[in-house]
Amino acid sequence: MREQPPPVEEVRVASRSPRRFEPILGAEAVRAAEERATRLRERLRGRRIWNVNSTAVGGGVAEMLPSLLGYARDLGVDARWLVIGGEPAFFGVTKRLHHALHGSAGDGRPLGVAERETYEAVQRHNAPQLLERIRPGDVVILHDPQTAGLAPALAGAGAVLAWRCHIGHDAVNAEVESGWSFLAPYLADVPAYVFSRRAYVPRQLDGDRAVVIAPSIDPFSAKNEELDEKTVRSVLVQVGLVGGSPRSGGVSFSGSGGEARRVSRAAHVVREGPAPAWETPLVVQVSRWDPLKDPLGVIEGYCSLLDDGGAGGAELVLAGPDVSSVSDDPEGQAVLASAVSAWRALPPRARRRIHLAQLPTEDLAENASMVNALQRHAAVVVQKSLNEGFGLTVTEAMWKARPVLASAVGGIRDQIEDGLSGVLVADASDREAYARALAALIGGPDRAAAIGAAARERVRDRYLGLRHLGQYADLLERLGLW
Ligand code: UDP
């Protein structure tokens, strides 16, 4: 007997005022957004806009929806969020699809008839529950492979559909083909597709229906809000990533909108010797423990820098979520274990300068404040990914005016203009080139600061939520609702 998936749930989103963008984007940009929303509201004439995905926490979609929907709601647009239910076998299939669309084999198992049956059974469970809420004429934006199979039932009931895919691969291979062959039949009658890059639009879908919208970050979230130096320092002492004595009651401070923030937990850090001093420059990568984030390459590149004397006193922090709390991600545990073994095999002088940190995830706002402080304190942020649909961590660090050194893969090639708003390593597997570029950034603080300043400007111009909302308004116009 197959396990019964949990019911569909609506995530309630609190409205957030777009006026908060005025100091960053100017009053005129906010006024234009308000005017556009007024026109949109009139034209929508009571239609609601539903976003549907498969998780309320974790991952880029769950990171973006609360802020985008919050701003839309404040602008008077009735935007909502539904989360479908799934069970382990379903998520096994959708994880395989996720890997396939990234061009990788995942667990190596097929996407055949049995997998299709598992996938469709969950859609049959969810579709009637969605249709209890969604009215004919409502707009539904389905996110990612988990929800693609809902399209036929929703279209049949008169919903106006778009499907947004947040993943993709630069080149076509057998895995990519098998993933798209599985998904495309469900999407044949969907009038609009959204991708993060044009290159991700597969041949199996009608390219004329595809639009490109890049992800965005929220400058006022716990992850990205301004933190003064004192707060950054006390948060990092509390976490155990900067030397000092943590406070017994934790660190409390006010968020950008007056929210009460608190960091009281410590990271679990694999290290030998003390935490880095506040003055020690840090090279930082923040990522899930995933082979595509190349943690071993990050360690090896840093070590060759040490051998050449190019590290200039900088130490390396590799940070990711606590794997013991994520019991359903055996891959994360294995990847962390391989990073720890690689670290153990290093000579003591390298081991002493490398810190492998698992950040607690029990409280997501606390985890976000930790990431925020760590990114702000970094001398250089690296993202040595071997593949990346769009690197949110890259945009997060750029917004904090950090010089980012990243592989020229996927969406990162759009995010960073090489040598201007960051530095790209052309060949993601070239650890020597990565080490040389890192040495140049550590040894050239003026250039690093200029790159950081340009990075912040680039995010301001391209990767904040108001731009994103404007593109969603374009999408609705394209759907021909009026
Ligand atoms: N992240 C986090 N805590 C961690 C590690 C990562 O909040 O311990 C966040 C990170 O800040 C980013 C997201 O997870 O917002 C990862 O998104 P990205 O696009 O970089 O990579 P993905 O995990 O989607 O492949």
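Read the figures in this text as sums done on the coordinates, not as results from a lab. Please read all numbers here as calculations on a predicted model, not as lab measurements. Backbone-built Cβ (ideal geometry, glycine too); neighbour counts: all protein chains shown.
Just how far, in whole angstrom, is the stretch 212-254 from the stretch 18-39 if you go by their alpha carbon centroids?
27 Å
If you split all Cα-Cα distances of the stretch 151-240 into 5 Å bins from zero, what percentages do you get per bin, shortest first?
So the P(r) values, bin by bin, are 2, 12, 16, 16, 12, 8, 7, 9, 6, 8, 4, 0.
For E226 and E432 in one chain, what is 0.36 nm times their gap in residues minus the Cα-Cα distance, to one decimal in nm? Present the calculation step by step, with values, prior to reporting the outcome.
Working: separation 206, 0.36 × 206 = 74.16 nm, distance 3.45 nm.
Here the answer is 70.7 nm.
With an 8 Å cut-off on Cα pairs and a minimum separation of 6 or more residues, tell me the relative contact order of the chain in percent.
Value for the chain: 13 percent.
Take peptides 252-261, 74-83 and line them up by average Cβ neighbours within 10 Å, highest first, as a rough protection proxy.
Final packing ranking: 74-83, 252-261.
Once the principal axes of the Cα atoms of the stretch 224-368 are found, what is the range along each, listed largest first in whole angstroms?
Between the extreme Cα coordinates on each principal axis of the stretch 224-368 lie 45, 38, 25 Å.
Could you give the radius of gyration (one decimal) and Dmax (whole number) of the Cα atoms in the chain, in Å?
22.5, 68
Around S256, what is the net charge, scoring Lys/Arg as +1 and Asp/Glu as -1 over all other residues with Cβ under 12 Å from its Cβ?
So the environment of S256 carries a net charge of -1.
To one decimal place, what orientation-averaged projected area in nm² is obtained for the convex hull of the Cα set of the stretch 332-438?
7.7 nm²
Which trypsin sites (Lys or Arg not before Pro) from the stretch 154-233 combine a DSSP loop assignment with at most 11 other Cβ atoms within 10 Å?
Taking the stretch 154-233 and a limit of 11 other Cβ atoms within 10 Å, the loop trypsin sites (Lys or Arg not before Pro) found are R203.
Please figure out what share of the DSSP beta bridges in the chain is antiparallel and state it in percent, rounded to the nearest 5.
20 percent
Would you calculate the volume per residue, in Å³, of the smallest convex hull containing every Cα atom of the stretch 422-478?
Numbers: hull volume 5.6 nm³, N = 57.
That works out to 98 Å³ per residue.
Near E10, within a Cβ-to-Cβ distance under 10 Å, what is the net charge of the other residues, with Lys and Arg +1 and Asp and Glu -1? All intermediate terms of the calculation are to be shown ahead of the outcome.
Values: positive: R12, R80, R133; negative: E9.
Result for the neighbourhood of E10: +2.
Using just the alpha carbons, could you tell me how many Å³ per residue the convex hull of the stretch 42-84 encloses?
Value for the stretch 42-84: 60 Å³ per residue.
Percentage of Cα-Cα pair distances in the stretch 1-139 greater than 22 Å, rounded to whole percent?
Here the long-distance tail beyond 22 Å is 53 percent of all Cα pairs in the stretch 1-139.
Which residues does a label at R39 reach in the stretch 75-118, if reach means a backbone N under 19 Å from a point 7 Å past the Cα toward the Cβ?
Residues 75-78 fall inside that zone.
What distance in nm lies between label points placed 7 Å from Cα along the C-beta direction at A155 and R133?
2.3 nm
Out of all Cα-Cα pairs in the stretch 398-442, roughly what percent, to the nearest whole number, are more than 16 Å apart?
32 percent
To the nearest Å, what is the center-to-center distance of the stretch 137-152 and the stretch 336-411, using C-alpha atoms only?
The stretch 137-152 and the stretch 336-411 have Cα centres separated by 33 Å.
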